[in-house]
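Coordinate-derived values only; no laboratory data. Quick caveat, the model's predicted, so the values are computed rather than measured. Here the Cβ is made from the backbone with ideal geometry for all residues, glycine too, and neighbour counts use every protein chain on show.
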Amino acid sequence: MKVQHWGLAWGLAALCCAVGASAQASVLERVAGGGKLVIAYRESSVPFSYVDSQSGKPVGYALDLCLRMAELVRKKTGKKDMEVEMVPVTPANRIAMIEQGKADMECGSTTNNAERRQKVAFTIPHFITGARLLVKAASPIDKVEDLNGKKLVSTKGTTPLKAADQANRERLMGITIVEAPDHAKAVEMVEKGEADAFVMDDVLLYGLAAGRPDPKALKVVGRFMTTEPLAIMLPKNDPEFKKLVDEEMRRLITSREIYPIYDKWFNKPIPPNNTVLNLPVSYLLRDFWKYPTDQVPF
């Protein structure tokens with residue numbers, strides 16, 4: 001009797017799984033059926049994904065890559081009239097938007113790590129960075145150890161925030177850590193003296209500082225506190241869509257077509273103020289791109 005009951009239970013479980021799988025169409029199936037492709041963007045992740053204050057439109061390095069993927073989806077599905085919808089996301093809700101199927105790709109500055117891979121998938125990294133500190137130009141703070149007894153801000157839902165909190169607890173540094181809703185607010189808190197430093201990926205700090213009214217009033221300091229491979233975020237259980245994106249990312253890298261796209265955002269004037277970040281491809285990223293893979297050891 002027990003064997004029969006277990007057999008029935010497994011049969012029902014398998015049926016439920018099959019129904020659930022069939023109820024959620026893949027991205028390519030949905031687009032082929034006339035659906036739209038939904039791209040999630042960030043509002044202040046310069047130069048990866050941000051809103052150009054002059055045009056009011058989202059732009060950036062990661063967005064350019066995602067728009068390449070959108071063209072590929074059009075060709076793959078034969079839907080030349082495929083609509084692309086842009087939806088804004090924050091560090092706090094970006095993973096949920098992909099996990100819940102409210103967006104098909106998140107095109108920003110999201111770190112691919114083991115914890116997040118439990119919920120979502122990532123393609124091959126388009127950038128590798130690390131967390132450092134943004135402070136006022138006149139600040140004596142030069143490294144994280146100088147923050148003892150001071151106030152540190154980071155953006156809610158980010159890996160640098162977790163790293164800073166862990167270091168503070170483990171090393172008993174006595175830092176007051178506060179959360180900002182987005183990167184722009186965190187920079188503003190440093191400018192106004194509401195926080196002594198802002199910890200975030202250094203490339204974002206350079207980009208954010210460059211976009212402020214007085215870029216020279218801020219500086220980036222300290223050693224890397226983390227290693228952050230940034231990648232486009234994808235749905236976890238959609239292998240066909242992921243394979244398409246992975247193959248195109250690998251092609252862009254191995255053909256070196258990605259380099260002019262990179263230079264456009266890191267070595268040439270970018271909107272809205274025509275600032276040049278002057279950040280050539282790092283040795284870390286160049287080495288990683290020799291054998292491009294979505295498998296990262298973090």
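Charging the Cβ of each Asp and Glu at -1 and of each Lys and Arg at +1, and nothing else, the dipole of the stretch 111-176 about its Cα centre rounds to 220 debye.
Classify the stretch 152-276 from the C-alpha gyration tensor, please: rounded if a/c falls under 1.5, else prolate or oblate depending on whether a/b exceeds b/c. Cα axes put the stretch 152-276 in the oblate bin.
Near residue 275, the amide H atoms lying under 5 Å from its own belong to 270; only residues 5 or more places off or on other chains count, and H is placed 1.01 Å from N. Report which label in (i) 156; (ii) 229; (iii) 208 holds the value of volume of the Cα convex hull per residue in Å³ derived from the coordinates of this structure. It is the one labelled (i).
Considering only 103, 231, 114, the Gaussian network model of the chain with Cα springs below 10 Å gives its largest mean-square fluctuation to 114. Listed by chain and number, the lysines whose C-alpha is less than 22 Å from the C-alpha of residue 216, apart from same-chain residues fewer than 8 away, are 136, 143, 151, 185, 192, 268.
Residues whose amide H lies under 5 Å from that of residue 87, counting only those 5 or more places away or on a different chain, are 39, 40, 41; hydrogens are built 1.01 Å from N in the peptide plane. Here the Gaussian network model covers the chain, with springs between Cα atoms less than 10 Å apart; of 157, 35, 108, 35 fluctuates the most. For residue 218, the residues 5 or more places off, or on other chains, whose built amide H falls under 5 Å of its own are 137. Computed from phi, the 3J(HN,Hα) profile of the stretch 242-249 under the Karplus parametrisation 6.51, -1.76, 1.60 (θ = phi - 60°) reads 4, 4, 4, 5, 4, 5, 6, 4 Hz, with x in place of Gly and Pro. Annotation: lysines with alpha-carbon distance below 24 angstrom to residue 243 (same-chain offsets under eight excluded): 36, 75, 76, 79, 80, 102, 119, 290. Listed values for the stretch 103-110 are Karplus-derived 3J(HN,Hα) couplings in whole Hz (6.51 cos²θ - 1.76 cosθ + 1.60, θ = phi - 60°), namely 8, 9, 9, 10, 10, x, 9, 8, and x replaces Gly and Pro. The string of couplings for the stretch 164-174 from the Karplus curve (6.51, -1.76, 1.60, θ = phi - 60°) is 5, 5, 5, 4, 5, 6, 6, 9, 6, 7, x Hz, one whole number per residue in order, with x for Gly and Pro. Stretching residue 290 away from residue 169 to a fully extended chain increases their span by 39.8 nm, per 0.36 nm per residue minus the current alpha-carbon distance.
Under the convention that each Lys and Arg Cβ holds +1 and each Asp and Glu Cβ holds -1, the size of the dipole of the chain around its Cα centre is about 340 debye. Projecting the Cα atoms of 137, 47, 98 onto the dipole axis of the stretch 39-190, where Lys and Arg carry +1 and Asp and Glu carry -1 at the beta carbon, places 98 farthest toward the positive end.
Rounded to the nearest 500, the helix-only mean residue ellipticity at 222 nm of the chain stands at -11500 deg cm²/dmol, with each DSSP H run of n ≥ 4 adding -39,500 (n - 2.57).
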